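*Asks:* The structure is given below, and queries will be raised subsequently.
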Amino acid sequence: MLKINNLFVTIDGKEIVKGVTLTIKLGEIHALMGPNGSGKSSLAMALMGHPRYQTRNKKQRTSTVELDGEDITVKTPDERARMGLFLAVQYPVGVEGVTVEQLLWRSLQEKIAYNNNQQSHLDVLKFRKDLEKLAKKVGVKPELLRRGINVGFSGGEKKRLEVLQMLVLQPKYAILDETDSGLDIDALLTIAENIKSFVLRPPACHPAGAVRRLAGRSSFVLQKPGILVITHYAKLLQYLQPDYVHIMKNGRIVETGGKELAERIEKEGYK
Ligand code: ADP
Ligand code: MG
């Protein structure tokens, strides 16, 4: 499980997240809602290990984040990713000079190597074929795979690419920060369906399929992943049917309930 215990996050000395405790087990879907500026993205960034989002503060509070029993607060983002954590960021950034295909090829190889304690023997041609299939599924045009990461991508293409990355890396725990925001209805449906099918059953046509057959510790999802979806809309949640809905205000989780809570928020607002 991903166990967040009394997490404080400070940015440039300012406390943004003020003691969040949350446990996400494999197979569970948690939704996190809350007004703009309540600290949802800061929580997500800190979980992934962004160096600007400090979880160790002056007062030495006992914030811990454990991934399958291991404290990850001291780990770098790439180590956390290898261990099976994934973040779809709210505002994906462009990276010139590295193509989507290169990014995904390298990250997947790194993850496989971490799992098996040896270099990955992934076949590049098979990877390319599988990647194109997955891209088609999420509506990412093949030519985008050969462009710089998010360079000149539309808002919808960026969000689809975040989902594609998740499908390729098959994390055990995924945090999706407003992956459904700013999409037209077709994009929203595609994204919702893909997230749902990933949650219920990781994709079959996947280059990491062979990894799953190997024994031992795996940072790839073997059954169902644990998911934290940050969203403002009940629409995605109608698809995903979350087990828990949490409301965050001013850096704290102030209410937790079932999916009916999301419907109430959509009707009545956060108040
Ligand atoms: P949410 O995702 O819930 O809308 P955020 O976590 O993005 O909220 O922001 C919470 C607060 O932290 C806001 O007041 C925001 O201005 C501040 N904040 C977030 N990121 C940074 C940053 N990199 N530098 C300074 N302030 C930040
Ligand atoms: Mg945000």
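*Asks:* For Ser42, what accessible surface area do you get with a 1.4 Å probe? Give it in Å², rounded to 10.
*Replies:* Result for Ser42: roughly 20 Å² accessible.
*Asks:* Pop the C-beta distance of Gln241 and Asp78 into the FRET formula with R0 = 25 Å and round what comes out to the nearest 0.05.
*Replies:* 0.15
*Asks:* Using a 1.4 Å probe over the heavy atoms of the protein chains, calculate the carbon and sulfur portion of the accessible area of segment 2-268 as a whole percent.
*Replies:* Result for segment 2-268: 50 percent of the exposed heavy-atom area is carbon or sulfur.
*Asks:* Which of the pairs Lys3/Lys137; Lys111/Lys224; Lys14/Lys224; Lys14/Lys271 have their Cα atoms more than 30 Å apart in this structure?
*Replies:* Result: Lys3/Lys137; Lys14/Lys224 exceed 30 Å.
*Asks:* Suppose each label sits 7 Å from its Cα in the direction of the beta carbon; what would the Asn6-Lys196 distance come out to in nanometres?
*Replies:* Here the answer is 4.0 nm between the modelled labels.
*Asks:* Still on this structure: Answer with one residue from Gly97, Leu161, Thr10: the one whose Cα lies farthest towards the positive end of the charge dipole of the chain, charges on Cβ with Lys, Arg +1 and Asp, Glu -1.
*Replies:* Selected residue: Thr10.
*Asks:* Specify which residue in the list Val20, Ile230, Asn117 is farthest towards the positive end of the charge dipole of the chain, using unit charges on the beta carbon of Lys, Arg (+1) and Asp, Glu (-1), about the Cα centre.
*Replies:* Selected residue: Asn117.
*Asks:* Moving on. Working with all protein chains in place, sort His121, His246, His232 by solvent-accessible area computed with a 1.4 Å probe, largest first.
*Replies:* Ranked list, largest accessible area first: His121, His232, His246.
*Asks:* Name the aspartates and glutamates eligible as straight-distance cross-link partners of Lys75: C-alpha to C-alpha under 13 Å, and not fewer than 8 places from it in the same chain.
*Replies:* Cross-link targets: Glu66.
*Asks:* Give me the extension gain from Thr99 to Glu268: residue separation times 0.36 nm, minus the current Cα-Cα distance, reported in nm with one decimal.
*Replies:* Extra length from Thr99 to Glu268 when fully extended: 56.5 nm.
*Asks:* Moving to a separate point now. How do Asp177, Asp184 stack up against each other in accessible area, from largest to smallest, with a 1.4 angstrom probe?
*Replies:* Asp184, Asp177
*Asks:* Under a Cβ-only charge scheme (Lys and Arg +1, Asp and Glu -1), can you give me the dipole magnitude of the chain about the Cα centre, in debye to the nearest 20?
*Replies:* That gives the chain a dipole magnitude of about 400 debye.
*Asks:* Here is a further query. Tell me which of Ile149, Leu85, Leu176 sits at the most positive position along the dipole axis of the chain, charges placed on C-beta atoms (Lys, Arg +1; Asp, Glu -1).
*Replies:* Leu85
*Asks:* May I ask you to list the residues of segment 149-173 whose amide nitrogen lies under 16 Å from a point 7 Å from Cα along the Cα→beta-carbon direction of Arg128?
*Replies:* Counting only backbone N, you get no residues.
*Asks:* Run the 1.4 Å probe and let me know the accessible area of Thr73, rounded to the nearest 10 Å².
*Replies:* Roll a 1.4 Å probe over it and Thr73 shows about 20 Å².
*Asks:* What are the residues whose amide H is under 5 Å from the amide H of Glu255, where those residues sit 5 or more places off or on another chain and H is modelled from the backbone?
*Replies:* Ile247
*Asks:* With n ≥ 4 as the cut-off for DSSP H runs, can you work out [θ] at 222 nm for the chain, using -39500 (n - 2.57) per run divided by the number of residues, rounded to the nearest 500?
*Replies:* -11500 deg cm²/dmol
*Asks:* Considering only protein heavy atoms, what is the solvent-accessible area of Thr55 at a probe of 1.4 Å, reported in Å² to the nearest 10?
*Replies:* Using a 1.4 Å probe on the heavy atoms, I get roughly 20 Å².
*Asks:* Compute the accessible area per residue over the chain, keeping the other protein chains in place, probe 1.4 Å, unit Å².
*Replies:* 47
*Asks:* Right, here's the next one. Relative contact order for the chain using alpha-carbon pairs under 8 Å, separation at least 6, rounded to a whole percent?
*Replies:* Once normalised by length, the contact order is 28 percent.
*Asks:* In whole Hz, what ³J(HN,Hα) sequence does segment 121-132 give by Karplus (6.51, -1.76, 1.60; θ = phi - 60°), x for Gly and Pro?
*Replies:* Karplus values, whole Hz, x for Gly and Pro: 10, 4, 7, 5, 6, 5, 4, 4, 5, 5, 5, 5.
*Asks:* Please give the length that would be gained between Glu260 and Asp71 if that part of the chain were fully extended, namely 0.36 nm times their separation in residues minus their C-alpha to C-alpha distance (nm, one decimal).
*Replies:* Net length gain for the segment: 64.7 nm.
*Asks:* Could you put Lys25, Lys159 in order of accessible surface area, largest first, with the 1.4 Å probe and the full protein assembly present?
*Replies:* Accessible-area ranking of Lys25, Lys159, largest first: Lys25, Lys159.
*Asks:* Rounded, prolate or oblate: which one fits segment 42-128, using the alpha carbon gyration tensor with axes a ≥ b ≥ c (rounded when a/c is under 1.5, else prolate when a/b beats b/c, else oblate)?
*Replies:* Taking the square roots of the gyration eigenvalues as a ≥ b ≥ c, segment 42-128 is oblate.
The values are calculated or read from the model by the stated rules, or taken from the named source; none is laboratory data. Bear in mind the structure is a predicted one, so any value in this text is a computation, not a measurement. Note: ideal-geometry Cβ built from the backbone for every residue, glycine included; neighbour counts use all protein chains shown. Just so you know, the surface numbers come from the protein's heavy atoms only, side chains and all, with ligands and any DNA or RNA stripped out. Shrake-Rupley method; radii C 1.70, N 1.55, O 1.52, S 1.80 Å.
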